[in-house]
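Below is one structure; the comments refer to it alone.
The values are calculated or read from the model by the stated rules, or taken from the named source; none is laboratory data. As the structure is a prediction and not an experimental result, all values here were calculated from the model. Backbone-built Cβ (ideal geometry, glycine too); neighbour counts: all protein chains shown.
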């Protein structure tokens, strides 16, 4: 397995990784004389414990190998015998040899890989139901069915799939391109048995848990997406995640084992450091623990609020020692997952004539479309490519500092995320009608040892989000881009006027995108938490009491600078060849302005007593907890009197365990 160690210094701009290959460092001593690369690889498989994955056709044109090696590492051997356009990648004891997508004539990164197989227990051979199988470093993933089977596809020549399930060691497997069958045998993880897992209002070892609880490593969630909810798909069994829009800053809707309540809110309860908060406001770099409570036994202490499952997140805290600074900067390319192939104007005319049963579009009209002599009257428009860019970009940055001593420990983090959408923007405008999303977040967690028996924890966090979009909703633009025939009118007439069918008949999707102004939304979230824990071990071993208080606030605001797009139609050319047309929709030349604001304030109080003690091989624990909360909504509108009322919640929880 590849271990990544982040080199830390104050002025580091990018993250570097040091690669180690423990357990597979066999030296190679061998002479190769005018041998085919495929034969050399087969000998290396016999000389070492490495397995090679490659396509035979990629090796046929490779130069023959003549080289001598004396106590050389596998990396030294491969760097000598592998030359462009081939490249290699070592993962554990797996070596993947592929052809560079940008060189040679082999398939590029757009080729599709399809994999399928069965996940079983390595000892019993029984199928593992609900194992997570996903493409490493991407949000693409599935879970195995009741027979332990899975099937998935992804773009690219090759990649690594990760397979995981509670109680088993994770596996990473390199895959080639094309269609493959990959069966996985998971080894039980003996070290995980005594691991402490976050449960409702506390921690327990896995052996003492009777409810359905799953946990995921924060490292597995560090994928290039704007919101944590977008990374849940395929990570945990029983968790279903659906992203309904690909707009920048759009999160996912997710459910745990389906929907248990049918009403206004069917989402799971999300608790960050024990406080009900928005999952997507947490930076993945700040997460220490991530657990999911699935069934009634696990969520019982939360009452009806936990009917749809509970997600528990614990944020990071500092460690005693010298200050450690970590800087991480990532940048990526955003592109459409799938663009539908649209019929061009000639194909549309021919299919329309076939459907109508007569020549609605004459051969003369079709020929004028083909020769493109007059695109105003005989257009041929690919509306999808007209409004969408081929690629866009995103950038993520995070800086965190941690350290402390036996008395005070601290963790401070700041992050930034920027993603630009795929809609095109009119360069002639002095404002941006495209979509983009920006987020700034800050967190400071401090742990203080006040006395021998008393400790205090203070957590502060804030998030600022900004989202920009056009004056027309993205789904409306997409709808008309799919509906508009490719020969109905051009995006813009040669005289600069915007065509359209007018009124209820529809709209010009390009005009809707660029000529209806823009809208901006702002979200500012502030979170605070203070807790004091006193250890009563001087009274009786294992007894502690905690007081906790939090105050959260969210302010939202929007401003819309919009207008109605003008539309012109019934175009023709007069005797002098001058383009003539009729105005169908008057539209407006100036941007209207509207704004509004809203938000809420939330106060939470909690008092608890916890008992945990072992008597020989017997372990007992108990919890008594009281909590109350209140949320007040605010805004510049008084139309909803019910929303203006405070929402209050009060609860008492008790738990006792023995094992």
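Scanning segment 262-290 for residues that are at pLDDT below 85 and either under 20 Å from residue 237 (Cα atoms) or not in a loop (DSSP other than H, G, I, E, B) (or both) yields 266, 267.
Yes/no per residue for (1) in a loop (DSSP other than H, G, I, E, B); (2) farther than 18 Å from residue 489 by Cα:
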{"site": "317", "(1), (2)": "yes, yes"}
{"site": "325", "(1), (2)": "no, yes"}
{"site": "328", "(1), (2)": "no, yes"}
{"site": "340", "(1), (2)": "yes, yes"}
{"site": "352", "(1), (2)": "no, no"}
{"site": "359", "(1), (2)": "yes, yes"}
{"site": "365", "(1), (2)": "no, no"}
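Scanning segment 422-448 for residues that are in contact with a helix residue (DSSP H, G or I) (Cβ under 8 Å, 6 or more places away or on another chain) and not in a strand (DSSP E or B), we see that the one that is nearest to residue 316 (Cα to Cα) is 435. Considering 404, 414, the condition of being outside the structural domain of residue 282 (by TED's automatic domain parsing), closer than 28 Å to residue 219 by Cα, at pLDDT below 95 and surrounded by 13 or more Cβ atoms within 10 Å (Cβ to Cβ) is satisfied by 404 alone. Among residues of segment 604-617 that are touching a residue at least 40 places away in the same chain (Cβ under 8 Å) and in the same structural domain as residue 546 (by TED's automatic domain parsing), those with a Cβ under 6 angstrom from a residue that is outside any strand (DSSP E or B) and exposed (fewer than 14 other Cβ atoms within 10 Å of the Cβ), sequence gap 6+ or separate chain, pair up as 613/541. I'm trying to understand the selection: among the residues of segment 301-329, which are at pLDDT below 90 and either exposed (fewer than 15 other Cβ atoms within 10 Å of the Cβ) or touching a helix residue (DSSP H, G or I) at 6+ places or on another chain (Cβ under 7 Å) (or both)? If the condition is that a residue be at pLDDT below 90 and either exposed (fewer than 15 other Cβ atoms within 10 Å of the Cβ) or touching a helix residue (DSSP H, G or I) at 6+ places or on another chain (Cβ under 7 Å) (or both), then 303, 304, 306, 309, 310, 311, 319, 320, 321 are the ones that fit. Could you go through segment 452-463 and let me know if any residue there is touching a helix residue (DSSP H, G or I) at 6+ places or on another chain (Cβ under 9 Å) and not in a loop (DSSP other than H, G, I, E, B). Among the residues of segment 452-463, at least one is touching a helix residue (DSSP H, G or I) at 6+ places or on another chain (Cβ under 9 Å) and not in a loop (DSSP other than H, G, I, E, B), which makes the answer yes. Checking each residue in segment 430-449 for being touching a residue at least 60 places away in the same chain (Cβ under 8 Å) and loosely packed, with under 15 Cβ neighbours inside 10 Å picks out only 431.
The rows are residues; the columns are (1) in a loop (DSSP other than H, G, I, E, B); (2) modelled with pLDDT of 85 or more; (3) within 23 Å of the chain's Cα centre (by Cα); (4) within 16 Å of residue 54 (Cα to Cα).
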position	(1), (2), (3), (4)
102	yes, no, no, no
109	yes, no, yes, yes
114	no, no, yes, yes
120	no, yes, no, no
130	yes, no, yes, no
150	no, yes, yes, no
157	yes, no, yes, yes
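So is residue 599 part of a loop (DSSP other than H, G, I, E, B) and crowded, with 16+ Cβ neighbours inside 10 Å or not? Spelling it out, it is not the case that residue 599 is part of a loop (DSSP other than H, G, I, E, B) and crowded, with 16+ Cβ neighbours inside 10 Å.
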